[in-house]
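**Q** Right, I'll just put the structure down here and ask away after.
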Amino acid sequence: MKNAKVFLFFASVMLLMSSCMRHTKTDHAAEGRPAGDNSRVSLDWEGTYRGILPCADCQGIETTVTLDKNGTCLIRSRYLAKSDRIFSEACTFVWDREGRTISVSGKESAPRRYLVGENMLVQLDMQGKRITGLLADKYVLGKVVSSEAMVPDASLGETYWKLVELNGKPLKQLPFRQQEAHMILKKADGRVQGSGGCNRFFGRYETRPGNRIHFSGLGSTMMACPGLAEESAFFKVLETADTYTIRGESLQLHKARMAALAKFEAVYLK
């Protein structure tokens, strides 16, 4: 009789433990948090995040952070209402042990830490804690899906604009080019300078409301090179164009807002 009572006691204990284990598994499943689940393994975190961070002496720092699966990243920043220049810095990042936050390191800027959430990055303070207060929401970068929204629009002035398309056709990659065709518009004095691929050119430009632009006083050196017809066509476009558009890192020159006469890509010199 005594043995029967002992058997029933242990049977009851085993039944209770089994029930607890089932409830524990059910609770995790209901919460959607299986063991070992974290941002690193469960979120589609690769991509570009964008936001405007607080700034002490400007209207905000327009910032994009691009994360790659291989642990490399790219940070681009622009100080609104202070400068049109875009600062670009290559970086690397590592995950913390819990797989929830990343530490970002670049050669020029101080290390940064971010909490990785669903379609967002939250910049943390130097101790790895969330920033609180009235500006807390300003430290959240949202994930972007449009390819054009991945980076801020480049500045028209003080940008190295590389010519990539002329009159609807990709620019020919000719082996004899002494340098790539490009132009730089200087903001301080309204000068334009660059190269057609053989000869260097110079002149002036003026912008007006409505993305209107006018080039004048254009001149160039007179070196003889093969394929000067394409270079001459480039110079002709500058004389003809009257409007421009910028989308991300692409610049287009138009005549009367018709099809693009020339297309350029922004190049950031290191």
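The values are calculated or read from the model by the stated rules, or taken from the named source; none is laboratory data. All values derive from a computational prediction rather than experimental measurement. Heads up, the Cβs are rebuilt from the backbone with ideal geometry, glycines too, and the neighbour counts pull from every protein chain shown. In case anyone asks, the SASA skips ligands and DNA or RNA and just uses the protein heavy atoms, side chains included. Shrake-Rupley method; radii C 1.70, N 1.55, O 1.52, S 1.80 Å.
**Q** Relative contact order of region 176-227: what whole-number percent is it, with Cα pairs under 8 angstrom and at least 6 residues apart?
**A** The value is 28 percent.
**Q** If you place +1 on the Cβ of every Lys and Arg and -1 on the Cβ of every Asp and Glu, how big does the dipole about the Cα centre of region 121-251 come out, in debye to the nearest 20?
**A** My answer is approximately 140 debye.
**Q** Let me ask something else about it. Straight-line reach from LYS263: which lysines fall under 17 Å, measuring Cα to Cα and dropping same-chain residues less than 8 apart?
**A** Here the lysines satisfying the reach criterion relative to LYS263 are LYS162, LYS169, LYS172, LYS236, LYS255.
**Q** What does the accessible area per residue of region 171-235 come to in Å², with a 1.4 Å probe and no ligands, DNA or RNA counted?
**A** Averaged over the residues of region 171-235, the accessible area is 56 Å².
**Q** Enter the accessible area of ARG40 (Å², nearest 10), with the probe set to 1.4 Å and all protein chains included.
**A** 130 Å²
**Q** Could you rank PHE87, PHE235 by how accessible they are, 1.4 Å probe, largest area first?
**A** Largest accessible area first, the residues go PHE87, PHE235.
**Q** If packing is taken as the mean number of other Cβ atoms within 10 Å per residue, what is the order of 212-219, 104-111, 131-138, 179-186, highest first?
**A** Packing order, densest peptide first, comes out as 179-186, 212-219, 104-111, 131-138.
**Q** Can you give the accessible area of VAL145, probe radius 1.4 Å, in Å² rounded to 10?
**A** Surface open to solvent at VAL145 totals about 140 Å².
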